[in-house]
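What follows is a set of notes on a single structure, which appears directly below.
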Amino acid sequence: MTTPHDAGRPHQGGRPTTFDVRIWAIKTIRNKSRPDTYQVRWRVAGRPKPNSKNFATLPLAKARHAELFAATKKGEAFDVELGVPIGEVRAALAAEVPTRPRTWLEHARDYADARWDERQAPGTRRALADALATVTPALFSERPPDEISNLVREALFGWLFQSGSRRSSTDDGTWAENPPPAKLTQAVAWLEEHTMPLPELMDPDLMRACLTLLGRKLAGGPAAPNTELRKRIAFGACLNFAVVRGDLPANPLPALDRAAPKTRDQVDRRVVVNHMQARALLEMGVRPVAPDLVAWYGGMYYGAQRPGEMQELRYPENLTLPPRGSGRWGEIVLVGNNPEMAPGWTDEGERRARELKHRAPGETREMPVPPPLVDLYWAHLDKFGTAPDGRLFRGLKGGPVTSVRHREVWAKARQRALTPAEVASPLARRPYDLRHAAVSTWLNAGVAPTQIAEWAGHSVAVLLHTYARCIVGQDEAARRRIEAALLLDAPADESMPRP
């Protein structure tokens, strides 16, 4: 096959090209001492000799023959010097050009997007953005200019790593980048140009600087051990993502000789109130200042409910109560969790209920309502009723109970109901400590851990580890058992001296 002589464009990208190409039929090369081979031949204008390529099998030869014919049929020019379609030349040149390594910011932003798309809980998304925003300044290639230095944290945490605000979904199912807010435009542009290439993160000194920053508060003081560990775990996972993508040969963190912070993940028994203290806090502390929240705190103490779970408690939809004053137990079927979180961390852009913590969507959790809590619920219903959608608790404006309000009320309740020494102590310092008191009470009452774990929404292993220091009375029982065992070794002859 041939094309008109001199029909090609003289140059493409600085290389002479032509459409003058002649392709011959495949030729079989017979060999006596070895298998036959198959030759493809073609001539490109301006070359004194034809191009040829031998193949070990006929299918390979036919495939190359077809590629050359296809190039001429669609009007693709051939490179005069190399004698191949210009598309193949471009592909070869592109492969030879080294690609620019991803920067830390490009990678961290991709990681935040990937985790966001896994439909993580809003709090988990926020914690990841916090960790990435904390460590990124250690990976700047130079110091930020003064005019944007006070916007760096906001640009990282509130925009670049907040995927729901930074991106918008398109009709074809992909994501489009939104322009940043006007006040962050300059800061975002600077950040996109001034973080280190990922390969530089293999430097141990740089990694130590990152860990140092993760162990600090924004104000410069040491961070709480649990906070530091949480951020280190997120940073390590982000580095693992770089390994999976081929941007790093290995995660550089495990090679460092820097120990992880020692954390406290067991409940301090000093925060646990007894029943008398709990009743005083509810009746003497909460009722005079916020009577609509007495049953709220009672649900934490008597039912070990989380604040987000109580936001979704509806009557009579998932709360069954016996007759008033009957002294009988009721039952709750928890169906959702609505913890307080800024709307920007949700998929919908507003606060909404989601599945129960540690449960799959649609799963419920049943738990009993002891008679004291039944009485509190009836008193609440009689005085405050329910919201139009059946919610038992609502804020001052009808929405969810805000964390600011129930924390402020609790601080006042402690001042009213506890002694000065108790107020100064860790005793029930946070409303959530009432939940710890509930679980501790059940454990010390001898309820099976499997049952408690089901009611509280824990695994048995987490339950026993978290509340190990709150199981009281076990040391005395252990001493009695040891004494009984030692008596078995007492000599039968009372005349023999005892040790």
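The values are calculated or read from the model by the stated rules, or taken from the named source; none is laboratory data. Small disclaimer: the values here were computed from a predicted structure and weren't measured. Every residue, glycine among them, receives a Cβ derived from its backbone with ideal geometry; neighbour counts consider all protein chains shown.
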Checklist entry - Picking from GLU317, GLU312, GLU331, which residue would you name as being charged (D, E, K, R) and under 29 Å from the mean Cα position of the chain (by Cα)? => result GLU312
Next on the checklist: Being in contact with a His (Cβ under 6 Å, 6 or more places away or on another chain) and either assigned by TED's automatic domain parsing to the domain that holds ALA411 or surrounded by 13 or more Cβ atoms within 10 Å (Cβ to Cβ) (or both) is true for just one of ALA242, ALA278. Which residue is that?
Outcome noted: ALA242
Item to check | ALA176 being in a strand (DSSP E or B), surrounded by fewer than 18 Cβ atoms within 10 Å (Cβ to Cβ), within 23 Å of the chain's Cα centre (by Cα) and at pLDDT below 90 | outcome: yes
Checklist entry - Out of curiosity, is ALA461 at pLDDT below 70, small (Gly, Ala, Ser) and either in a loop (DSSP other than H, G, I, E, B) or within 30 Å of SER403 (Cβ to Cβ) (or both)? => result no
Next on the checklist: Given (1) under 22 Å from the mean Cα position of the chain (by Cα); (2) over 22 Å from ASP117 (Cβ atoms); (3) surrounded by fewer than 19 Cβ atoms within 10 Å (Cβ to Cβ), identify the lone condition not met by ALA237.
Outcome noted: (2)
Item to check | Residue ranges of helices (runs of 4 or more DSSP H) in the range 264-315 with at least 2 members modelled with pLDDT of 90 or more | outcome: 275-280, 294-303
Checklist outcome for this item: Within the range 404-429, the residues that are farther than 19 Å from MET284 by Cβ and either in contact (Cβ under 8 Å) with a residue 12 or more places away in the chain or among the basic types (Lys, Arg) (or both) are ARG405, PRO426
Checklist entry - Going by the conditions given, is ALA234 in a helix (DSSP H, G or I), farther than 16 Å from THR136 by Cβ and touching a residue at least 60 places away in the same chain (Cβ under 8 Å)? => result no
Next on the checklist: So THR136 passes all but one of these: (1) of a type outside the set (A, V, I, L, M, F, W, C); (2) closer than 21 Å to ALA223 by Cβ; (3) in contact (Cβ under 8 Å) with a residue 60 or more places away in the chain. Which condition number does it fail?
Outcome noted: (3)
